[in-house]
Amino acid sequence: MTLDTNRIRGKLTDIFRSLNRLKAFQGISKEEFLRNEDYQDIARSRLLTAIEAALNICYYLAAKKIHQVPEDYSHCFELLGLSGMLPDELAGRLSKMARFRNRLVHLYWDIDYSAVYEIICNDLKDLEDYAMEIGKFIESHG
């Protein structure tokens with residue numbers, strides 16, 4: 001079945017735009033980040049956008065290429081890992097990020113912005129690596 005590569009590329013663009021905005025926070029201290037609600041709001045929004053775009057791609061590929069419906073968001077990345085579309089280790093890290101997405105959405109009144117800052121400083125590469133792996137996949141299988 002042919003993939004809608006334009007749809008996937010659009011979501012990859014969403015990921016990269018959000019990551020570029022998030023990387024701006026890597027140059028400030030944790031203390032400054034935690035004092036500034038505007039920084040926190042922007043970071044939460046952009047992190048959520050990047051994760052949602054990654055999940056959108058994940059669910060699309062699970063349906064079109066694996067012909068499975070994931071049990072939940074974190075399971076989607078695991079399916080891509082099991083199918084060989086993603087390295088297992090990356091799939092595991094993205095599954096954790098999907099679970100963090102649930103906290104951002106469902107517990108918005110109690111967000112741990114220290115954890116958001118840590119993700120910005122330490123884990124954005126996982127989303128970059130995902131986008132690169134998906135880009136390679138659609139070039140070879142699209």
Per the list (1) open to solvent by less than 30 Å² (accessible area, probe 1.4 Å); (2) assigned to a loop (DSSP other than H, G, I, E, B); (3) over 21 Å from K125 (Cβ atoms), residue check on Q68 breaks on (1)
If we keep only residues of region 71-97 that are modelled with pLDDT under 90 and touching a helix residue (DSSP H, G or I) at 6+ places or on another chain (Cβ under 7 Å), then the residue most open to solvent (accessible area, probe 1.4 Å) is Y73
Screening A98, A115 for residues that are under 15 Å from S45 (Cα atoms) and more than 13 Å from the chain's Cα centre (by Cα) leaves only A115
Being open to solvent by 20 Å² or more (accessible area, probe 1.4 Å), in contact with a helix residue (DSSP H, G or I) (Cβ under 7 Å, 6 or more places away or on another chain) and closer than 19 Å to G135 by Cβ is the requirement here; does N20 meet it? no
Pairs returned, first residue in region 38-57 that is open to solvent by 30 Å² or more (accessible area, probe 1.4 Å), second residue that is polar (S, T, N, Q) and in a helix (DSSP H, G or I), beta-carbon separation under 6 angstrom, 6 or more apart or interchain, are R46/S18; T49/S18
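The values are calculated or read from the model by the stated rules, or taken from the named source; none is laboratory data. All values derive from a computational prediction rather than experimental measurement. Ideal geometry is used to build each Cβ from the backbone, glycine not excepted, and the neighbour counts take in all protein chains shown. Heavy atoms of the whole protein, side chains included, go into the accessibility calculation; ligands, DNA and RNA do not. Shrake-Rupley method; radii C 1.70, N 1.55, O 1.52, S 1.80 Å.
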